[in-house]
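Structure first, commentary second.
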Amino acid sequence: QVHLVESGGGLVQPGGSLRLSCVASGSIFSINTMGWYRQAPGKGRELVATINSGGIAYYADSMKDRGTISIDNAKNTVYLQMNSLKPEDTAVYYCKVRVTGFGDYWGQGTQVTVSS
């Protein structure tokens with residue numbers, strides 16, 4: 001079993017920044033990728049950014065040039081630094097880890113609200 005704990009969400013004003021963290025624990029033998037997804041009210045879950053164990057990152061257009069995803073393999077932790085936040089970034093942000101040979105695991109989510 002794999003357990004994910006997200007942190008770092010909260011209320012921020014437009015133009016502000018937040019850093020999300022996600023720590024994976026449990027039966028982790030080999031992490032393939034870790035990533036962040038989000039789901040706004042009334043919308044489906046969408047990709048924000050992913051990164052593999054080699055540090056290769058992918059960003060959705062919505063976060064390109066505003067976000068930085070990073071991974072600490074020793075700590076099984078993924079971070080998402082988000083800058084220049086907009087009201088449309090308001091959503092529940094979920095962490096996902098893909099464990100080689102075992103599949104995908106999701107965190108419970110952390111709320112990000114961008115509002116003045």
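The values are calculated or read from the model by the stated rules, or taken from the named source; none is laboratory data. Quantities reported herein were computed from a predicted structural model and do not represent experimental measurements. Ideal geometry is used to build each Cβ from the backbone, glycine not excepted, and the neighbour counts take in all protein chains shown. The area values use the complete protein model at the heavy-atom level, side chains included, leaving out ligands, DNA and RNA. Shrake-Rupley method; radii C 1.70, N 1.55, O 1.52, S 1.80 Å.
Using every pair of distinct Cα positions in segment 49-109, the Kirkwood expression returns a hydrodynamic radius of 12.8 angstrom.
Report the residue, chosen from Gly26, Gly55, Gly16, that carries the largest GNM mean-square fluctuation when the chain is represented by alpha-carbon nodes joined by springs under 10 Å. For the chain, modelled as a Gaussian network with Cα springs under 10 Å, the answer is Gly26.
The loop-placed trypsin sites (Lys or Arg not before Pro) in segment 1-105, going by DSSP, that have at most 11 neighbouring Cβ atoms within 10 Å of their Cβ come out as Lys43, Lys64. Dipole magnitude for the chain: computed about the Cα centre from +1 point charges on Lys and Arg Cβ and -1 point charges on Asp and Glu Cβ, it is near 40 debye. For segment 21-116, chymotrypsin sites (Phe, Trp or Tyr not before Pro) meeting the loop criterion (DSSP other than H, G, I, E, B) and having at most 11 other Cβ atoms within 10 Å: Phe29.
Per-residue surface analysis assigns Val92 an accessible area of about 40 Å², computed on protein heavy atoms at 1.4 Å probe radius. Taking only protein heavy atoms and a 1.4 Å probe, the accessible area of the chain is 48% carbon and sulfur.
For segment 1-51, the solvent-accessible area of protein heavy atoms averages 52 Å² per residue (probe radius 1.4 Å; ligands and nucleic acids excluded).
Taking label points 7 Å from Cα along the Cα-to-Cβ direction, Leu11 and Glu88 give a separation of 2.4 nm.
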